[in-house]
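See below for the structure under consideration.
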């Protein structure tokens, strides 16, 4: 019998408990490819079975995720000078970049909140971008804590309620997440193209 | 192409001529969306097929996890695995290791026990 990566990670959960879960959610917030939603669902199952405590599982997952977000944000912030220099270089692309980082500062909170749970695969990149665009730390942290709370409670809740269906339910959830993320990216690109087309017409017309 | 066509070229043609990378990225994103949608449909069919059947036990599960998922008293599972009442949480893999037998043997014994213990799913 060959063990998948997911199964070997799940086998470590009863051995190392909540600290292991915190490590997994932290790594996933830094764009490392770990199946954090699967591990969280299994942790919910162990909590429902009485092997782990709900308090420990929820607080560990939340702590790891929020710490990972902060790490990503400050990594991005450390690169913000480079971005600033690129914005000040002048020209069309620099202007677009400046507009994008201005938009991130103004309305980044919604993006941070939604990419914690509904569009979670995009989360790590939004962390770096928010830091690099010099988004306010308070606004970022508030959206991060709110979004991660939804993520953690949602997956631990599903895991606790569906112990018998973990192996058939998880692929459905990960596919649905893939559909949502690719459609969100396609939507953003379509908006960008519409804007470009409009700009092109204005240029021709005026 | 007539004068009208020159004045208002098709939007796709304009974007292809001037913003090829963005347009290509959009196509790639849509292809991936279709891929995930197809996988989702397949997984829904599999999930539907598995309804009413008992899922397999896995080596990462603990006795209490199995008790919870299969609605069997934890003491019965512990007895079937010859575990003491005060045993700490450990995976089936660890239990097999400490009992010095292959995990496959433990899994198949436990599966037989689970099937004999409960009525077939309705």
inquiry  = I need the helices (runs of 4 or more DSSP H) fully contained in segment B:33-100, keeping only those with at least 2 residues that are more than 11 Å from every other protein chain (Cβ to nearest Cβ).
reply    = B:74-80, B:92-98
request  = Note down all Cβ pairs under 8 Å where the first residue falls in segment A:47-60 and is facing chain B (nearest Cβ under 7 Å), the second is assigned to a loop (DSSP other than H, G, I, E, B), and they're at least six residues apart or on different chains.
outcome  = A:49/B:62; A:51/B:62; A:51/B:89
request  = May I ask you to list the residues in segment A:117-133 that are over 10 Å from residue A:177 (Cα atoms) and outside any helix (DSSP H, G or I)?
outcome  = A:133
query = Residues A:195, A:200: which one is more than 21 Å from the chain's Cα centre (by Cα), within 8 Å of another protein chain (Cβ to nearest Cβ) and part of a helix (DSSP H, G or I)?
reply = A:200
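Per-residue answers, yes or no, for (1) at pLDDT below 95; (2) surrounded by 17 or more Cβ atoms within 10 Å (Cβ to Cβ):
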{"site": "A:151", "(1), (2)": "no, yes"}
{"site": "A:168", "(1), (2)": "yes, yes"}
{"site": "A:181", "(1), (2)": "no, yes"}
{"site": "A:187", "(1), (2)": "no, no"}
{"site": "A:195", "(1), (2)": "yes, no"}
{"site": "A:199", "(1), (2)": "yes, no"}
{"site": "A:203", "(1), (2)": "yes, no"}
ask   = Does segment A:155-164 contain any residue that is more than 25 Å from residue B:69 (Cα to Cα), without any contact (Cβ under 8 Å) to a residue 40 or more places away in the chain and in contact with a helix residue (DSSP H, G or I) (Cβ under 6 Å, 6 or more places away or on another chain)?
value = no
note = Quick count over segment A:1-26, residues being more than 9 Å from every other protein chain (Cβ to nearest Cβ) and out of contact with any helix residue (DSSP H, G or I) (no Cβ under 7 Å at 6 or more places or on another chain), is 4
query = Do the conditions hold for residue A:85, that is, is it more than 14 Å from every other protein chain (Cβ to nearest Cβ), assigned to a loop (DSSP other than H, G, I, E, B), over 20 Å from the mean Cα position of the chain (by Cα) and surrounded by fewer than 18 Cβ atoms within 10 Å (Cβ to Cβ)?
reply = no
message = Among the residues that make up segment A:143-158, is at least one of them more than 9 Å from chain B (Cβ to nearest Cβ) and more than 17 Å from the chain's Cα centre (by Cα)?
response = yes
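The values are calculated or read from the model by the stated rules, or taken from the named source; none is laboratory data. Owing to the predicted nature of the structure, the values given are computational and were not obtained by experimental measurement. All Cβ positions, glycine included, derive from the backbone under ideal geometry; neighbour counts span all protein chains shown.
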